[in-house]
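S.K.: Sharing a structure, written as structure tokens. Questions coming.
The values are calculated or read from the model by the stated rules, or taken from the named source; none is laboratory data. All of these numbers come straight from a predicted model, not from anything done at the bench. Methodologically, a virtual Cβ is constructed for each residue, glycine included, from the backbone with ideal geometry; neighbour enumeration extends over all protein chains shown. With ligands, DNA and RNA removed, areas are computed over all heavy atoms of the protein, side chains included. Shrake-Rupley method; radii C 1.70, N 1.55, O 1.52, S 1.80 Å.
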Amino acid sequence: MVQPFPDDFKPVLETDFQIFLFENHFKTVFPEIFCLFASVLLLIYGVLYARIHQANADTLRRKMKIFPPIMVNHVSLLVILAFLLTLILMFNNPIMHATIFYNTLVCDDLIFFCKILIICSALLSVCISLDYVRKQALNAFEYIILLLLATCSMLFLISSADMISMYLAIELQSLCFYVLAAFKRNSEFSTEAGLKYFVLGAFSSGVLLFGCSLIYGFTGITNFSELTKIFSCTGENQHFTGALIGMIFVAVGFLFKITAVPFHTWAPDVYEGSPTSVTAFFAITPKIAILGLFVRLFESSFYDLNTEAAFSLQLGTTQGVSTTFNKLLSMEFTSTLPWQKIFLFCSIASMIVGALGAMNQKKIKRLLAYSSIGHVGYFLIGLCCGTVEGIQALLINLIIYLVMTINIFAIILSPVRRDFVHSVQRIKYISDLSVLFKTNPILAITLAVNFFSMAGLPPLAGFWGKYYLLFSAFSCELYLVAIVGGLATVLSCVYYIRLVHISYFEKIQNRLIFERVPKINGWILAITFFFILFLFVSPGATRRSTSITRSLLQRIEIRDHITDRHA
Amino acid sequence: MIFLVVYIGAIAVLFLFVVMMLNIKLAEINEKKYRYLPIGGLLGILFLFEIFCIIDNDLIALIDSGVSIANSTQLVEANSSQLNSDLLTLDGGIAPIFYKNLLFTEWSELAENLTNIQSIGQCIYTYYSYFFICASFILLVAMIGAIVLTHHQSVYVQTQKELFQNTREFSKTIQKHKGRPVFT
């Protein structure tokens, strides 16, 4: 017997969407919104300008050649302006701590710090490549707009608080990168780099997505903070083996993107093939974004996922394998968390391969690719520690790495006049550096100091980065990784100092002349040089600057208090 | 059904076209067929092993296996039979009246029916609008990339001149030349 419901009793089912949905949220992400709008506006400007130019040329001289207008210069200046304005907006942002857009984005001090670093590195890498882009006739303004879009996506990546927003942001970033790597269409190297990057990047994105879906399948959650809560409740008998495998896949997907060692093979080819200005961007900026995300994912979300006791109990069948694996690596591995194992392995392998692989390289960009792989190994030490000290060391090292890499790429991007091969008007081979001291001694000094710093010789900046990292590794008893880090430093000294030796003492092998360094490169070189040289006066400055991670620190302390692990 | 057939047919033809377009030489495939088999097979077996580990551990009901499903159904049946007996033992007329006047509310009628697309739209345009915008930017980048990487900016472009075409007079399109014909 069905009786209809009385009409006046019917609840109102229309939803009123004029409510406070996202009322203040747009204010929080105002810098990012500005950045996106700037990119779209500049794109429209570029397209319209080219069209109007062409139409004018049509009407003026109908039979003449119509060249596309050279726009990359002023569009890149406008992009630099956009970056500066984004920085200003970022510093004057009224809301610093918020979880916004229905738990999809989050803002806090760590994220703010990483965003500032990302924008600075993008800005500097555009500044140092202005002259290169003009000389190489990369005559398409889309290049610089894609850079801007990639930077925006990294800002979103770092502030994502949800698996879906993280994946979308990283896809946006990777798509920009594929196009940027293949940007020099007429160069075979560049097309190869683009294709290689695309295939491997798509594969790693697939792995990442598979990991996310496994985690979602076994927990029903995509939000990072909720993942923290659900994993912190794992006791002796409860376990998330499915989520553990999902976490491994997520880690592998990101380690692909960051060129850590078992997944590094694409890096030298892509770095070599893509235009040097793009290489400079690749070498610095995405690492900051992904490492910042790592800190948030692995130091808070996956931190408590399956502690060792629960892990070895449940995977009874694989116990034999896992214990031998532990014994193989080190004794202290028995007390590490599951995610720490992955990163410890990748860190040790990256440092060793980075140091050994760079020894036999003839081209400077391949050498720098291996050098960056080695640096990624050092960054992962900071991540493995799982302590506030480690995170701080990681952030300090990121600043120092940013400065050193900007410096070295400013040198490499400086113009060169070559007598025989007119098509390669830049430094390509290591032997090209042999003329550096004779033609431009100041540049040679900068290069030498920078390479000494990268090798980690004591008074320079690079030493302090490694000092903090290894110190934090020792303080949380990761002796093996610290010792390997020290040995890898010694190994990497060999090839860094070989470069200095080539630039100072070797006979001139290639006939080329260093031209006048462009003004903006000169300024950036000078500033970074002084930073590298005089950081030892007050190495605590970088440490203090990273003390804005205190919100993260508090969070970790609270978490440690709750879970009562890891002193 | 007919839509499905047409759709599948179209997709199949599309695939055929793609396969036709690809310049794959059969000999090359045969040559490299077994090259990556050992390492690939090893990784695949490892992966399968992991998945079996999950199936053994995680994909079981959260209820302790001691309380089987049979037990629980028995429990429910016992409860319901007890309830029935309670109702029957109530004095004479009340139980039938209770059953007769019982009001049922069809909740499914009251619920708003939304199609999948509508419900996705209600999520994606309101709470998860950020995802939507992000996805749109991904598509924008894909478009820019495709244009940048494939568009040839050649110097001798024969562009369409709309103004010129539209202002052309009909009477002047075919002209009669006086005098002798001009061959150029």
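S.K.: Within 10 Å of each Cβ in peptide A:172-179, how many partner chain Cβ atoms are there on average? Round it to a whole number, please.
M.R.: Mean inter-chain Cβ contacts per residue within 10 Å come to 5.
S.K.: Report the calculated FRET efficiency for B:Gln160 and A:Tyr49 (r = Cβ-Cβ distance, R0 = 22 Å), to the nearest 0.05.
M.R.: E(calc), rounded to 0.05, equals 0.65.
S.K.: Leaving out ligands, DNA and RNA but keeping every protein chain, what accessible area does A:Arg134 have, in Å² rounded to the nearest 10, with a 1.4 Å probe?
M.R.: Surface accessible to solvent at A:Arg134 totals approximately 130 Å².
S.K.: From the protein chains alone at 1.4 Å, what is the descending order of accessible area for A:His25, A:His53, largest first?
M.R.: Final ranking, largest accessible area leading: A:His53, A:His25.
S.K.: Tally Lys/Arg at +1 and Asp/Glu at -1 over every other residue whose Cβ is under 13 Å from the Cβ of A:Arg516; what's the total?
M.R.: +1
S.K.: Considering every residue in B:145-152, what mean count of other chain Cβ atoms within 10 Å of its Cβ is obtained?
M.R.: Partner-chain Cβ atoms within 10 Å, mean over residues of B:145-152: 5.
S.K.: Related question: Across peptide A:240-252, what mean number of C-beta atoms from other chains lies inside 10 Å of a residue's C-beta?
M.R.: Mean shielding count: 3.
S.K.: Follow-up. What spacing in nm lies between the two simple spin-label points modelled at B:Gln122 and B:Ala146, each 7 Å away from Cα in the Cβ direction?
M.R.: 3.4 nm
S.K.: Roughly what would the spin-label model give for A:Glu188 and A:Asn56, points 7 Å off Cα along C-beta, in nm?
M.R.: It works out to 4.1 nm between the two label points.
S.K.: I'd like the distance separating the alpha-carbon centroids of the range A:428-493 and the range A:226-303, in whole Å.
M.R.: That distance is 25 Å.
S.K.: What's the buried accessible area, both sides, between A and B using a 1.4 Å probe, rounded to 100 Å²?
M.R.: Chains A and B together bury roughly 4400 Å² of accessible area.
S.K.: Something else about it: Show me the ranking of peptides B:109-115, A:149-155, B:119-125, A:404-410 by mean Cβ neighbours inside 10 Å, starting with the highest.
M.R.: A:149-155, A:404-410, B:119-125, B:109-115
S.K.: Accessible area per residue for the range B:104-151 in Å², computed with a 1.4 Å probe and the full protein assembly in place, what is it?
M.R.: 69 Å²
S.K.: Take each of the peptides A:274-284, A:514-524, A:348-358, A:488-498, average the number of other beta-carbon atoms within 10 Å over its residues, and list them starting from the highest.
M.R.: A:274-284, A:348-358, A:488-498, A:514-524
S.K.: Then there's this: Which order do the peptides A:77-86, A:374-383 take when ranked by the mean count of other beta-carbon atoms within 10 Å per residue, highest first?
M.R.: Packing order, densest peptide first, comes out as A:374-383, A:77-86.
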